[in-house]
1. Looking at A:236, A:205, which is the one that is open to solvent by 20 Å² or more (accessible area, probe 1.4 Å) and modelled with pLDDT of 85 or more?
2. Somewhere in region A:215-235, is a residue within 12 Å of chain B (Cβ to nearest Cβ), touching a strand residue (DSSP E or B) at 6+ places or on another chain (Cβ under 8 Å) and not hydrophobic (A, V, I, L, M, F, W, C)?
3. Quick one: in region A:42-63, which of the residues that are crowded, with 17+ Cβ neighbours inside 10 Å and over 18 Å from residue A:187 (Cβ atoms) is farthest from the chain's Cα centre (by Cα)?
4. Of the residues in region B:169-185, how many are open to solvent by less than 40 Å² (accessible area, probe 1.4 Å), more than 19 Å from residue B:151 (Cβ to Cβ) and not in a helix (DSSP H, G or I)?
5. Sort out which residues of region B:1-17 are open to solvent by less than 30 Å² (accessible area, probe 1.4 Å) and either away from chain A (no Cβ under 11 Å) or within 11 Å of residue A:31 (Cα to Cα) (or both), and write them in order of number.
6. For region A:82-123, name all the residues that are among the aromatic types (Phe, Trp, Tyr) and crowded, with 24+ Cβ neighbours inside 10 Å.
7. Check every one of the helices (runs of 4 or more DSSP H) wholly within region A:1-120 and list those with 2 or more residues that are under 30 Å from residue A:222 (Cβ atoms).
8. For region B:186-220, which positions are assigned to a strand (DSSP E or B) and either away from chain A (no Cβ under 13 Å) or charged (D, E, K, R) (or both)?
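The values are calculated or read from the model by the stated rules, or taken from the named source; none is laboratory data. Keep in mind the model is a prediction, meaning the values are calculated, not measured. Virtual Cβ from ideal backbone geometry, glycine too; neighbours counted across all protein chains shown. The area values use the complete protein model at the heavy-atom level, side chains included, leaving out ligands, DNA and RNA. Shrake-Rupley method; radii C 1.70, N 1.55, O 1.52, S 1.80 Å.
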Amino acid sequence: MEFGNDSQQEPVTVFEFSAQDFSYAFVSVLLEGMPFILAGTLLAGLLDEFLPPGFMVRVLPRQPAAGIAAAAALGMVVPMCECGIVPVIRRLLRKGLPVSNAIAYMLAAPVVNPIVAVSTYAAFKGQAPLEMTALRLGLAFLTACLVALAAQTVRLEHILRPGLLDTNSVSLPLLDFQSQISIAARLGRALQTAVADFLDVMTFFVLGVAVSATASTALNQEVLLPLALEPWLATFSMMGLAFVLSLCSTSDAFIAATFLVFPAYAKLGFLVLGPMLDLKLIFLYQTIFRKRFVAGMAAGIFLLVGLMSLRLGVLVL
Amino acid sequence: MLERLRDGLVLGVWGAVALGFILTGRAASYLHPSFHPWLLVSGIVLLALAASVLIMPKPACEAGCACGESPSSTWLPWLRAVLLTGPLLATLVISPSQFGPVMVHNRGLADSLAMLPGYSAFRDPALPTPDERPGEEGPLVPLSEYLEQDAEGRIVATVADLLYAANIPELRRDFEGREIVVVGQFLPAHRNNPQGDRFSLVRMFILCCAADARPLAIPVQFPHADFPSMSWVEVRGIAKFPFEGGRVTPVVEGRQVAPCEPPTETFLY
């Protein structure tokens, strides 16, 4: 912050909306995220057409907890960003991927991957980078597993949207039909699936970006600074900021590192929560899950991340 | 047929916008360069998908297969099409290709290197001298070998260069007391302006896109400067590094300040 004698005192406003700033941020984030959603939907279309039904059930560990852990760690091999992963998960669910495994991968993959590990380490040089990186990945993995385990206790019809609920099971007769049509025709169907998914997911993405662009440009971030003095307030306010800013997991560490007045465990909460839960993801998740489940999952993630960041972060950082 | 036309148009609009941003160079004002190839490829792919939706017949689809059939409601897809194109086109028209003073105020000016995203000191700071000023070390590389200069011999600097120079003694020696020219956006200075004769020169620093944009700022000493907020100005002056507020601060003693065109790349990376 600036030092020296103040020649004029600026009035502090908490929320000041500017149509110019909103439109600029809105277009910028849309153009940044759209290519990755397109890539995700193209991949999802190919998976839907060419991945045999039941394949996921065969390759994943049968023991539920082991399956969840394996799915949460899959991001180290198959990294995905938080925008592109949603359409992929939708199609994998149609292929019989257990819902708990899908949730674990969806929450963990944007964080538990080599790209985020490297960027976090680079961003926190001079601020315990190894500890921060290890804690970020570790807490994200743990949170994803715990949320997925909790989802196992919820009935499927309370989790999935009706369209997905009907198809989250292996349909064996489809195999015979698919073997009779040409590769070109199947590619055509994959493209059609991708187009449908793209239009569906982008609708929610546009809504989410509109809300996050409003909040990220209109909210005065300086009002958060006094909250840095109290551990609970510092942690939850940084997490709230992560929720509002809706940053990409590959670059959010560099932003978090600049909040010098906030303690390290508060920044840890920012880094773990952001890629799992933010304003635009709240909308994107509704392409898969029921609204009530999204709300419950969001509350659970927020509490889990906050409590673990406070408890573990204070001990280690 | 109408449904195919509708979906094809939506894809076509997005593809055209993506390609248009790249081909007109407008993407440089919105996204980090590393994202430009992604935008270019996705624009081409979207236009190809739009063409395929419009031209190709629907592939064979057996009842019950998950090939993304439209929902039974007839008006929701049309509402979706409006939602996908309307806000995008409207904001394209009103978006000014840069942030205004409200956002800069809300994000807070970064006027020290520690607030620069991604900055990390590559060496330990020198021990302070007995009068508590930061210590000095020897120069590394001659000035002429790495700093760009204009035709009149002024160093062409950026706001980030001067912030770095404030923290790195070797670099500071290359700038201190020398004539420089630096381009940025004008913002009245309400802090660190005891005599009321300073303004802030701002550049936006990004990692990915506008979502993570941080306004970097240095003070320019130039009485009676009066320009529209966030307008682009070129400052010619002398670089000074006084000790203010407990740290070395870069200040440009302005000799000439004039409006200028925005640079090709409006962001710093």
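1. Numbers: A:205 fails: open to solvent by 20 Å² or more (accessible area, probe 1.4 Å).
Within the list A:236, A:205, the selection yields A:236.
2. Going residue by residue through region A:215-235, those that are within 12 Å of chain B (Cβ to nearest Cβ) are A:215-225.
Next, from what is left, pick out any that are touching a strand residue (DSSP E or B) at 6+ places or on another chain (Cβ under 8 Å): A:218-220.
So of that shortlist, the ones also not hydrophobic (A, V, I, L, M, F, W, C) come out as A:220.
Yes, that holds for at least one residue.
3. A:53
4. 2
5. Matches in region B:1-17: B:12, B:14, B:15, B:17.
6. Our first condition is that a residue be among the aromatic types (Phe, Trp, Tyr); within region A:82-123, this holds for A:105, A:121.
Result: A:105, single match.
7. On the way: elements: A:19-50, A:55-59, A:64-73, A:85-94, A:99-108.
So the answer is A:19-50.
8. Our first condition is that a residue be assigned to a strand (DSSP E or B); within region B:186-220, this holds for B:186-188, B:198-205, B:209, B:214-220.
B:186, B:198, B:201, B:203, B:214, B:220, listed by residue number.
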